[in-house]
Amino acid sequence: MKPSISLSVVALGFMLSSGVCHKMPNNHCEHEVVFNYQGPLAGDGCEWVATIDGVAYHPAQIDDAMKQENLHARCNYVLTGDSFYCGLLPLKLPIVEFSCFKYPDE
């Protein structure tokens, strides 16, 4: 094979392989999440709580569209390493950020 042809084949292979990576985003949200309002902070509540796989979390950010009592959706999340304290006792909720979020109608 001539050097110019082999270089063209390698370049073509590289372009095709890099193109495939961009065409396959990971949009699969794996976990079910349920949102519930647990009262205002001033009244010893915890505001909005996200329950994921049976564990209660405090969302780092929550859109207005997520603020629906008993909203069931799908998500992927990462723990921030921080905790949110709320309630009368108080409760210690791990803080999460959503890396994938899909509403029920999506």
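The values are calculated or read from the model by the stated rules, or taken from the named source; none is laboratory data. Please read these numbers as outputs of a predicted model, since none were measured by experiment. Don't worry about glycine lacking a Cβ; one is built from the backbone with ideal geometry, like all the others, and counts go over all protein chains shown. These accessible areas exclude ligands, DNA and RNA; they are computed on the full protein's heavy atoms, side chains included. Shrake-Rupley method; radii C 1.70, N 1.55, O 1.52, S 1.80 Å.
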Amide proton proximity set for residue 45, modelled H, under 5 Å, gap of 5+: 87
In Å², nearest 10: area of residue 47 left accessible to a 1.4 Å probe: 70 Å²
Local electrostatic count at residue 60 - Lys and Arg +1, Asp and Glu -1, tallied over other residues with Cβ under 15 Å: -3
Calculated FRET value between residue 71 and residue 42, using beta carbons and R₀ = 30 Å, to 0.05: 0.80
Rg/Rh ratio calculated on Cα atoms of the stretch 34-79 (Kirkwood radius): 0.94
Hull-based mean projected area of the stretch 48-106, where the convex hull spans the alpha carbons, in square nanometres: 4.3 nm²
Where the stretch 29-106 is the region considered: accessible area per residue in Å², 1.4 Å probe: 60 Å²
